[in-house]
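The values are calculated or read from the model by the stated rules, or taken from the named source; none is laboratory data. None of the values given here were measured: they were computed from a predicted structure. With ideal geometry, Cβ positions are generated from the backbone for all residues, glycine too; neighbour counts draw on all protein chains shown. When the accessible area is computed, the model is the full protein with side chains, heavy atoms only, and any ligands, DNA or RNA have been set aside. Shrake-Rupley method; radii C 1.70, N 1.55, O 1.52, S 1.80 Å.
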Number of protein chains: 2
Amino acid sequence: MLYLVGLGLGDAEDITVKGLQAVRRCRRVYLEAYTSVLTVGKEALEEFYGKELILADREMVEQEADSLLKEADVCDVAFLVVGDPFGATTHSDLVLRAVKLGIPYKVIHNASIMNAVGCCGLQLYNFGETVSIVFWTDTWKPESFFDKIEKNRQNGMHTLCLLGRKIYEPPRYMSVNQAAEQLLAIIQKRRLQGEKPEITENTICVGLARVGALDEKIASGTLQQMSTVELGAPLHSLIVTGTMHPLELEMLKLFSVDSSSFENNACQRTT
Amino acid sequence: MLYLVGLGLGDAEDITVKGLQAVRRCRRVYLEAYTSVLTVGKEALEEFYGKELILADREMVEQEADSLLKEADVCDVAFLVVGDPFGATTHSDLVLRAVKLGIPYKVIHNASIMNAVGCCGLQLYNFGETVSIVFWTDTWKPESFFDKIEKNRQNGMHTLCLLGRKIYEPPRYMSVNQAAEQLLAIIQKRRLQGEKPEITENTICVGLARVGALDEKIASGTLQQMSTVELGAPLHSLIVTGTMHPLELEMLKLFSVDSSSFENNACQRTT
């Protein structure tokens, strides 16, 4: 059996009881090392699980999948994924390969950023398409994510922006500040082109850091405020709000950088 | 401290290790009994947690919140929610009331249907707005969910349809068959009105039952096929696909009712 086990978002104890039981009974346990930052080290996980972990980077999963799946038809192998195995990144490749080899698989779900962002009080129902904001280079400054955020907002929907990373050693992760600055730069540029973007400096946004971890931090305020808010270590995510229900607004105020930011936000959802 | 603890989607063992530790140290433990169906009984949870549970229906949470939160500033109280505490339903009311009373709170996340649907192979990234399909009555046949599904599909996005329930004793939950029949009825009606809906009998859909539980069932096929597919006991969810990436399509074929349903689905996402 191949177990795809979600580890959740915080530390070693965020694994489910079912997941922990599966891990402890597996002959080999792989830890996905390429789509997410871990808030605790591999060693902390190994100690808690009582198992040695094999780090699996993208290359290994793609090119050595057969060795990863070796004998998984006669013994148990686990593949551990931060968040949910089918959260922000999918592991369809591995599942399809297992199925072709006649290896049964089981998914043990957990929280992922895609649902845990609900903790800020915005309803998951009211989110449109999720976008990724990537690091700009001198020559590559894509803006497609901005158009999607605009479209969501025009439809009254919130947008979860997953923030990119640079593949360095160690990798660098985009902060809410950097994401906000890129959005502000696009707004400026479009105004110079004679457009009038729906999203402005005063659009209410939410910055989230280390969601689900003990030192989680949430800050709400204007897009302008997001460019300077202090949220600390990665991972960060940014939400650009659409139309807000009064209860959503009241929740966001719990996390406000400056309560006056909300005074002019009269645009509320009433149903 | 007020702990809002997600129980995940399957059985007692889907709670996280952190959640279980919190529950075991709480003086009172409430179990939310109104937004989700449990796949195991209250007794099974009580035995596993080693704690007595107090069932909290919506009326209790809304009208007796103060007794629920009583002494939570000096002792620990847990509120258990199937799925994630901020998944398909939000518990903002309770959080806001706790904050007003000066009671600190902590959220222990878990999987919810909003992210666990990724197990069918469709990327969560590619989902638009989530909709709820409600039971029609003789005099009330809303169609607003259909317009949202159409809009998502026009934008190439998949739609997760959460299926309604009737407040009976015991409550009745909508099946994928019933949801598909309502969608087919709307398509027929609109054609009679001279419209040409984007969604047809042949649109590829995914029916999911008891996601995350041991007897989870996933079936993919046309909307027409969804009206007769056998998925067993609740809870059910339905996905209406948008534009599919080849890898998404390959995953869906693992669950196909009839592989020929996919033959004419040439409309694929290429990036």
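Counting Cβ atoms of other protein chains within 10 Å of each Cβ in A:14-25 and taking the mean gives 5.
Per-residue ellipticity at 222 nm from helix content only, as computed over the protein assembly as shown with -39500 (n - 2.57) for each DSSP H run of at least four residues, stands at -8000 deg cm²/dmol. Structure remark: mean-square fluctuation, Gaussian network model of chain A, C-alpha springs under 10 Å; the largest value among A:GLN188, A:GLN154, A:GLN63 belongs to A:GLN63.
Close amide H contacts of B:SER256 (hydrogens built in the peptide plane, cut-off under 5 Å, sequence separation of 5 or more or a different chain): B:SER220. Sorted from nearest, the other copies put their B:CYS75 label points 4.9 nm away, the label point being 7 Å from Cα in the direction of Cβ. If you take every DSSP beta bridge whose two residues both sit in the protein assembly as shown, what share of them, in percent to the nearest 5, is antiparallel? Of all bridge pairs located within the protein assembly as shown, approximately 45 percent are antiparallel. In the context of the full set of protein chains, residues of the protein assembly as shown present 43 Å² of accessible surface per residue (probe radius 1.4 Å, heavy atoms only). State, to one decimal in nm, how far the label point of A:GLU71 lies from the label point of A:LYS100, with both points 7 Å from Cα in the Cβ direction. Placing both labels 7 Å beyond Cα along the Cβ direction yields 2.3 nm.
A run of chain A free of exposed loop cleavage sites, with chymotrypsin sites (Phe, Trp or Tyr not before Pro) counted only in DSSP states other than H, G, I, E and B and at most 12 other beta carbons within 10 Å, reaches its longest extent at A:1-139. Partner shielding of A:101-111 amounts to 5, given as the average count of beta-carbon atoms from other chains within 10 Å of each residue beta-carbon. Once a ≥ b ≥ c are taken as the square roots of the eigenvalues of the Cα gyration tensor of the protein assembly as shown, is the result rounded (a/c under 1.5), prolate (a/b larger than b/c) or oblate (a/b not larger than b/c)? Rounded is the answer for the protein assembly as shown, as its axis ratio a/c remains below 1.5.
Pairs to check: A:LYS196/B:LYS148; B:LYS141/B:LYS189; A:LYS217/B:LYS51; B:LYS51/B:LYS100. Give those whose C-alpha atoms are more than 20 Å from each other in this structure. Pairs exceeding the cut-off: A:LYS196/B:LYS148; A:LYS217/B:LYS51; B:LYS51/B:LYS100. Comparing B:GLY102, B:GLY128, B:GLY164 in a Gaussian network model of chain B (Cα springs below 10 Å), the most mobile by mean-square fluctuation is B:GLY102.
Enclosing the Cα atoms of chain A in their convex hull gives a volume equal to 147 cubic angstrom per residue.
Between B:ALA185 and A:GLU52, the simple spin-label model (points 7 angstrom out along Cα→Cβ) gives 6.2 nm.
Among beta bridges from DSSP that stay inside region A:114-262, the antiparallel ones total about 75%.
Applied to region B:215-224, the Karplus parametrisation 6.51 cos²θ - 1.76 cosθ + 1.60 on θ = phi - 60° returns per-residue 3J(HN,Hα) values of 9, 3, 9, 10, 9, 10, x, 6, 4, 4 Hz, with x for Gly and Pro. Computed over region A:114-262, relative contact order equals 28 percent, with contacts defined as Cα pairs under 8 Å that lie 6+ residues apart. Taken across both chains, chains B and A shield about 4400 Å² of accessible surface from a 1.4 Å probe. Only Lys, Arg, Asp and Glu carry charge here, each on its Cβ (+1 for the first two, -1 for the last two); on that basis the protein assembly as shown has a dipole of about 640 debye about its Cα centre.
Sparse packing (at most 10 other Cβ atoms within 10 Å of the Cβ) combined with a DSSP loop state is found for the following GluC sites (Glu not before Pro) in region A:29-108: A:GLU52. Divide the volume of the convex hull around the Cα atoms of region A:180-258 by the residue count and you get 92 Å³ per residue. Shown for A:ALA44: label points 7 Å from Cα along the beta-carbon vector, and their distances to the equivalent points in the other copies, 3.3 nm in ascending order.
For A:LYS217, the shell of other residues with beta-carbons less than 15 Å away shows a net charge of -1, using +1 for Lys and Arg and -1 for Asp and Glu.
Sorted from nearest, the other copies put their B:LYS196 label points 3.5 nm away, the label point being 7 Å from Cα in the direction of Cβ. Rg and Dmax of region B:2-111, both derived from C-alpha coordinates alone, stand at 12.5, 35 Å. In terms of the Cα gyration tensor, with a ≥ b ≥ c the square roots of its eigenvalues, is region A:108-150 rounded because a/c is under 1.5, prolate because a/b exceeds b/c, or oblate? Since a/c reaches 1.5 and a/b is larger than b/c, the shape of region A:108-150 is classed as prolate.
Computed log10 I(q)/I(0) for region B:114-262 at 0.20 Å⁻¹: -1.31, from the Debye equation with unit scatterers placed on every C-alpha and solvent omitted.
For chain B, the relative contact order comes to 19 percent (Cα pairs under 8 Å, sequence separation of at least 6).
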